[in-house]
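A short worksheet on the structure shown next.
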Amino acid sequence: MAYVVKVDNKEFKVDIERSGNSFIVFLDGEKTNVEVTHEEGSQLMLIIGNRSYAIAMEADDQIVVNGETYSVEVVDEEIQRFLKASPDKLQKKELAIKGVMPGLVIEVNVEEGDTVKKEDGLLIVEAMKMQNEMKAPRDGVVKKVLIKKGQTVNSGDTLVIIT
Amino acid sequence: MAYVVKVDNKEFKVDIERSGNSFIVFLDGEKTNVEVTHEEGSQLMLIIGNRSYAIAMEADDQIVVNGETYSVEVVDEEIQRFLKASPDKLQKKELAIKGVMPGLVIEVNVEEGDTVKKEDGLLIVEAMKMQNEMKAPRDGVVKKVLIKKGQTVNSGDTLVIIT
Amino acid sequence: MFRKILVANRGEIAVRVLRACREMNINSATVYSDADRDALHTRYAGEVYYLGPAPATESYLKIEKIIEIAKQSQAEAIHPGYGFLAENTEFARACEENGIVFVGPNSRAIELLGDKIASKETMSQAGIPVIPGSEGAVEEEDMAYRVVEEIGFPVLIKAAGGGGGKGMRVVRDRKNLAGSMKQAMNEARSAFGNPTIFIEKFLESPRHIEFQILADNHGNVVHLGERECSVQRRHQKLIEESPSVIMTPELRNHMGEAAVKAVTVSKYNNAGTVEFMVDKDKNYYFLEMNTRLQVEHPVTELITGIDIVKEQLRIASGEVLSLKQSDITMNGAAIECRISAEDPEKNFAPSTGKIAELVEPGGIGVRVDSGIHKGFEVPIYYDPLIAKLLVWAPTRKGAIVRMTRALAEYNIRGIKTSIPFHLLVMEHPKFVEGDYDTTFIDKVLGKIEYKKSNYEVAAISSVVSKILSSERARTPAMKKGASVSPWKLTGRQAMMRKR
Amino acid sequence: MFRKILVANRGEIAVRVLRACREMNINSATVYSDADRDALHTRYAGEVYYLGPAPATESYLKIEKIIEIAKQSQAEAIHPGYGFLAENTEFARACEENGIVFVGPNSRAIELLGDKIASKETMSQAGIPVIPGSEGAVEEEDMAYRVVEEIGFPVLIKAAGGGGGKGMRVVRDRKNLAGSMKQAMNEARSAFGNPTIFIEKFLESPRHIEFQILADNHGNVVHLGERECSVQRRHQKLIEESPSVIMTPELRNHMGEAAVKAVTVSKYNNAGTVEFMVDKDKNYYFLEMNTRLQVEHPVTELITGIDIVKEQLRIASGEVLSLKQSDITMNGAAIECRISAEDPEKNFAPSTGKIAELVEPGGIGVRVDSGIHKGFEVPIYYDPLIAKLLVWAPTRKGAIVRMTRALAEYNIRGIKTSIPFHLLVMEHPKFVEGDYDTTFIDKVLGKIEYKKSNYEVAAISSVVSKILSSERARTPAMKKGASVSPWKLTGRQAMMRKR
């Protein structure tokens, strides 16, 4: 099975085959053996070649390798081809703005029906006495506001939906 | 709901009522509040009265309280009454001899159909260079031998069944 | 010694004090808010008492409620930790009035040293060097202009009422003076309820060096040497070490004596810290005194072998200091890294959430003072400090490599922490050489670039993780080695005998 | 210094050595068996190499395979840890022949000191006190009778070839001598392939005191003071401490000099330990020399501040010892408790299985050298030692209360450990007074009764656990806060900015 993986904007082609607890991997054509020695939740221990790595998947699109955090995007090679053929398929979808940290909502700047531009401030969340603004990742219309001022939100909660 | 609990051969009557994450408990008639502050697998953190306790259930019939291990037996009060009325109901049941530690079976002394007496040696398991003998907990007949010499067994595996 | 102590704090410092209680065979009690029902300090204390809702104003800052709990639990003394009520005159006084020993200085000393203007004047009069500046508060523009004429630019405007960078302004020329003054006064008013400000010479690249002191109730005072705390970000200390690379035995004697004098003239008792600014020519100036246990006190414990919290409790119970200045020796080198729930790759944004995995470093020369456990939900309501990692080694160089090794072992998942930042500092040539001051993070470290060397591994692991995760989704229930219910109706008899 | 080292061991000692490598910036490699695929040392090393099936004879004892891996990984040196091949002459020689540095003594010294008769003779000739007994091997009954006539009963029959209590017999009267001799010879033959025995005076209640030494390849030797290891069960050390309560500066000097002499006359190099028996009148006798890193070496590290593993690596790389005897000072008190996977309530039966929970103690004065992690399946194939807990404090009394505190913090679930036993010893008046010897566990501690004070809590908790567990059984899948799949097809853009 082949995947295209984007790691911090570097692109890799990963061709992978399973055998038991091991995988045979071709990374951009080069062969490596990968052994899964431990699996617990989103945490893995792998032996790749002669090295051992502590892996953790975090917050949707992040992976931690021996303490270093990378943003990653794994796309099935076939889907990748399809996406490249029609690049705006994805843009038009509903977009859920999710909390990336728990906190108290201290300001909500949009209402349902508002038109927002990329980088417009949507709401402000406070935690540990620091304030953080959630911004629109692209232009759109606010379809739904799921939180209120004064409410406590968790990491991963959907706060606002933009279409 | 009322239970009879035997802790290392001391008997307690525990009358318990739930309200959310808390329980109201009458222990031999005395009232206490119990709050469950953490639950993970068989591990619990409880606040009982003004004290906090680390609890772990282990190996079927053992509980660890702040590092101290107790053997416990919890019986529904009604079942208890039933059992007391017909005390030999339980003795006649099939009895599964289970491994209490992982190890290598280095000797099997019984075959199916053998008659065994209480304290007769059934088999020997070795771990960490030490040998341990599993003995018959009561008189009976060997109904099934589920392991072979040379086999590795885990804690909790049924090794022999006695009727 | 006390029979029971109430620890009126949370997190790592509450655990620190509770550990001292256990080792001294003192019964302990602590308090917890709704957010801390399952906190480490709640797990650790002998007795636990519910305080109130999560916000500190409704729990850890409630003086009356805490005094009430102390009485209810029959605690004879309260240890306030740091933060919250530790430097609150009103709280210290409430303890005094209720016949409960406050483990800290007397309320008058807290009051005096909490007022930056009054304390500076006290020190100056005692002959302790202070930073040149206004004599007392500056109320009008005219006065400010007179002061800057005397001491020259740049100057620093400071609030009399508090710290933490609030109400502070650096002014480099005449035209910005009046405006900055007004801003500072406004900020000070809203932060501390007190608009009073004063002006002093701004030291360009000072080092922050502080002396730990111990003073009993009978007038005996010793110092335990210095800690260098110049690795700061927005006036928040991040890394502390001892000894300071710039220290000489002579300078240590001079500054130590000044620290002891500062304690004596302010009629201070219990543990405390005298903070100094030191300029490039090793001139030192009294900055302020912290009237409590410091976050970084373990640095000194590693160097001197003295348990500062135990000393605090002994002093509070009326014992005479058993230590003389000549008994105190400094041995080797110690470093502390503050592990905070902040994302250094996102400009230190708070990062709260559930601790999904926690593996602390260990082995030779490593000390961890932690306030969290696996499964704990780091609350949004309190300070982001979750743990302190310390190392000791015979030499500073040895301590730095050991800290690097220990930081790499530290595995905290579920939240982001300051660990990558600390790794960067430990490998920075300027830090390794000891050539740094309080401007290090902003000016020298500059834009922080986190080194990454595992792109290929990240790519491979992502795919492996995706495959395993989608397999799990397909077979949710049955797992190999699924644990059998720990419950059976009847107990089994012991069937094993040792041969 | 070496560029790369192979650590040919497992568990806590492999991790200990790997930590030293990291701190010295030496690349590391290690080996693992099938049972150790996910072991801590496998996680920790820079490179990992598969050895073979779980049984030690098919993995950690395979000399050829290990030499091959050393070459393959281009390691310049092999650290053997303790146990396995650490005192194997053949292995040391194989390293020497293959141009790989063996981090330990030369093979001749291992050979000499491995032979109890030859080493005793060497020491005796050098004027080091040895226990009175036969001169050399005792082959016939007549010879045995002659020896006992000279030294008197009780006597101890010992095997020349090995230790660990095998081939040992105490004989208290003439009528049992011949029979015991035969038994001992048979046991020695089957255990070590060598039936040779010798006889010495049996000391009734000796203390076991050993000296840590360091010897470079250039003839320089220092000792790092003593460790008292009298808390033993069946000749296995369980608790070690330094300094020994019976030690005086004079005795330390004498014994230390004897230890240094023992090293010199046996042409020993690298780290080693000279073991002595000390009787009630403080007469000391050479017992044997351990030609490797000891399990309990961290006790000495805590007291002296010296990193013994780093010294081993420096010595092995040919460096001259940087320490002189006068540089070495002993500071405070340290204790080690060996945490083993054994059930002290079932006569120390092995207790292997999966580590379901692991919380290690921390805070002031605590050091943990662990070989396990949460989720690790403790294998049935190797030594039951899973971790070492050490404390340091200024005084022995302080160290004992600290150890009690730390043991209480240690939470290992899924297997039984020796922790309850250690807690009992720390609170035993005889241990607290320091009034103990090698008979302490068998004779003084007697039948071990574990204190229990939480019957009521156990009763309540059992019921609560039963209720929660049956609720879980009813609603298996849906859990509050169930984690969302970490996978989405497209990445999200960062939507957060710090204000």
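The values are calculated or read from the model by the stated rules, or taken from the named source; none is laboratory data. Keep in mind that this is a model prediction, so the values were computed, not measured. Note that we place each Cβ from the backbone using ideal geometry, even for glycine, and neighbour counts take in every protein chain shown.
Residue count for the stretch A:129-156 satisfying the condition of being of a type outside the set (Val, Ile, Thr) and either more than 23 Å from residue C:348 (Cβ to Cβ) or in contact with a Ser or Thr (Cβ under 7 Å, 6 or more places away or on another chain) (or both): 11.
Hey, among C:205, C:190, which residue is among the hydroxyl-bearing types (Ser, Thr, Tyr), within 24 Å of the chain's Cα centre (by Cα) and closer than 25 Å to residue C:233 by Cβ?
Values: C:190 fails: within 24 Å of the chain's Cα centre (by Cα).
Just a single option satisfies the conditions, and that option is C:205.
Could you tell me whether residue D:406 is within 18 Å of residue D:296 (Cα to Cα), under 22 Å from the mean Cα position of the chain (by Cα) and either part of a helix (DSSP H, G or I) or within 12 Å of chain B (Cβ to nearest Cβ) (or both)? Yes: the conditions hold for residue D:406. In the stretch C:375-390, the residues that are farther than 19 Å from residue C:84 by Cβ reach residues that are buried (at least 21 other Cβ atoms within 10 Å of the Cβ) and among the aromatic types (Phe, Trp, Tyr) with C-beta atoms within less than 8 angstrom, at least six apart or across chains, in these pairs: C:389/C:410.
The residues in the stretch D:173-194 that are surrounded by 20 or more Cβ atoms within 10 Å (Cβ to Cβ) and either outside the structural domain of residue D:141 (by TED's automatic domain parsing) or touching a helix residue (DSSP H, G or I) at 6+ places or on another chain (Cβ under 8 Å) (or both) can be counted, and the count is 2. For the stretch D:34-58, the set of residues classified as under 25 Å from residue D:2 (Cα atoms) and away from chain A (no Cβ under 11 Å) consists of D:51 only.
For every residue, the table says whether it meets (1) free of Cβ contacts under 8 Å to residues at least 12 places away in the same chain; (2) in a loop (DSSP other than H, G, I, E, B); (3) in contact with an Asp or Glu (Cβ under 9 Å, 6 or more places away or on another chain); (4) of a type in the set (Gly, Ala, Ser).
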position: C:167; (1), (2), (3), (4): no, yes, yes, yes
position: C:181; (1), (2), (3), (4): no, no, yes, no
position: C:228; (1), (2), (3), (4): no, no, yes, no
position: C:244; (1), (2), (3), (4): no, yes, yes, yes
position: C:259; (1), (2), (3), (4): no, no, yes, yes
position: C:268; (1), (2), (3), (4): no, yes, no, no
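Here's the yes/no breakdown for (1) without any contact (Cβ under 8 Å) to a residue 24 or more places away in the chain; (2) aliphatic (A, V, I, L, M); (3) surrounded by fewer than 20 Cβ atoms within 10 Å (Cβ to Cβ):
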site: C:413; (1), (2), (3): no, no, no
site: C:418; (1), (2), (3): no, no, no
site: C:421; (1), (2), (3): no, no, no
site: C:427; (1), (2), (3): yes, no, yes
site: C:430; (1), (2), (3): yes, no, yes
site: C:434; (1), (2), (3): no, no, yes
site: C:439; (1), (2), (3): no, no, yes
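Is it fair to say residue A:55 is facing chain D (nearest Cβ under 8 Å), at pLDDT 90 or above and surrounded by 18 or more Cβ atoms within 10 Å (Cβ to Cβ)? Taking the combined requirement at face value, the residue does not satisfy it. Taken across the stretch D:100-113, residues that are at positive phi and surrounded by fewer than 16 Cβ atoms within 10 Å (Cβ to Cβ) do not occur at all.
Could you check the stretch D:273-308 and list, in sequence order, the residues that are farther than 19 Å from residue D:392 by Cα and not in a strand (DSSP E or B)? D:279, D:280, D:281, D:282, D:283, D:291, D:292, D:293, listed by residue number. Considering only residues in the stretch C:68-93 that are over 20 Å from the mean Cα position of the chain (by Cα) and surrounded by fewer than 20 Cβ atoms within 10 Å (Cβ to Cβ), the one that is nearest to residue C:383 (Cα to Cα) turns out to be C:90.
The residue pairs whose first member lies in the stretch B:97-112 and is within 14 Å of chain D (Cβ to nearest Cβ) and over 21 Å from residue B:138 (Cα atoms), whose second member is among the aromatic types (Phe, Trp, Tyr) and surrounded by 15 or more Cβ atoms within 10 Å (Cβ to Cβ), and whose beta carbons are closer than 9 Å, counting only pairs six or more residues apart or on different chains, are B:104/D:381. Give the residue, chosen from D:374, D:416, that is more than 20 Å from residue C:22 (Cβ to Cβ) and in contact with an Asp or Glu (Cβ under 6 Å, 6 or more places away or on another chain). Sole residue among the options that is more than 20 Å from residue C:22 (Cβ to Cβ) and in contact with an Asp or Glu (Cβ under 6 Å, 6 or more places away or on another chain): D:416.
Of the residues in the stretch C:165-179, how many are touching a strand residue (DSSP E or B) at 6+ places or on another chain (Cβ under 6 Å), of a type outside the set (Val, Ile, Thr) and farther than 10 Å from residue C:197 by Cβ? It would help to see each step written out before you state the result.
Filtering the stretch C:165-179 down to residues touching a strand residue (DSSP E or B) at 6+ places or on another chain (Cβ under 6 Å) leaves C:167-171, C:177.
Keeping just the survivors that are of a type outside the set (Val, Ile, Thr) gives C:167-169, C:177.
From what's left, farther than 10 Å from residue C:197 by Cβ: C:177.
Total satisfying the criteria: 1.
The conditions of being without any contact (Cβ under 8 Å) to a residue 40 or more places away in the chain and assigned to a loop (DSSP other than H, G, I, E, B) are met by residue C:25. Identify, please: which residue in the stretch B:119-136 is at pLDDT 85 or above and part of a loop (DSSP other than H, G, I, E, B) and is, among those, farthest from the chain's Cα centre (by Cα)? Here the residue is B:120. Scanning the stretch C:144-170 for residues that are touching a Gly at 6+ places or on another chain (Cβ under 9 Å) and of a type in the set (A, V, I, L, M) gives C:147, C:151, C:155, C:156, C:157, C:159, C:160. State yes or no: is residue D:90 free of Cβ contacts under 8 Å to residues at least 24 places away in the same chain, assigned to a helix (DSSP H, G or I) and of a type in the set (Asp, Glu)? Answer is no for this residue.
Residues checked against (1) polar (S, T, N, Q); (2) closer than 16 Å to residue C:453 by Cβ:
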| position | (1), (2) |
| --- | --- |
| A:1 | no, no |
| A:12 | no, yes |
| A:15 | no, no |
| A:24 | no, no |
| A:28 | no, no |
| A:34 | no, no |
| A:37 | yes, no |
| A:56 | no, no |
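The residues on offer are C:467, C:460, and the sole one that is of a type in the set (A, V, I, L, M, F, W, C), surrounded by fewer than 23 Cβ atoms within 10 Å (Cβ to Cβ) and at the interface with chain A (Cβ under 8 Å from one of its Cβ atoms) is C:467. Working only within the stretch D:157-172, note down all residues that are modelled with pLDDT of 90 or more and surrounded by fewer than 18 Cβ atoms within 10 Å (Cβ to Cβ). Listed by number, the residues that qualify are D:170, D:172.
Pick out the one residue from D:180, D:230, D:242 that is over 26 Å from residue D:261 (Cα atoms) and of a type in the set (Ser, Thr, Tyr). Explain how you work it out, then say what you get.
On the way: D:230 fails: over 26 Å from residue D:261 (Cα atoms); D:242 fails: over 26 Å from residue D:261 (Cα atoms).
Only one candidate qualifies: D:180.
Taken together, D:494, D:477 contain a single residue that is more than 7 Å from every other protein chain (Cβ to nearest Cβ), surrounded by fewer than 13 Cβ atoms within 10 Å (Cβ to Cβ) and modelled with pLDDT under 75, which is D:494. Residue count for the stretch C:348-390 satisfying the condition of being in a loop (DSSP other than H, G, I, E, B), more than 7 Å from every other protein chain (Cβ to nearest Cβ) and among the β-branched types (Val, Ile, Thr): 2.
This table checks each residue for (1) part of a strand (DSSP E or B); (2) in contact with a Leu (Cβ under 6 Å, 6 or more places away or on another chain); (3) touching a residue at least 40 places away in the same chain (Cβ under 8 Å); (4) at the interface with chain D (Cβ under 8 Å from one of its Cβ atoms).
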residue	(1), (2), (3), (4)
B:6	yes, no, yes, no
B:16	yes, no, no, yes
B:24	yes, no, no, no
B:33	yes, no, no, no
B:38	yes, no, no, no
B:47	yes, no, no, no
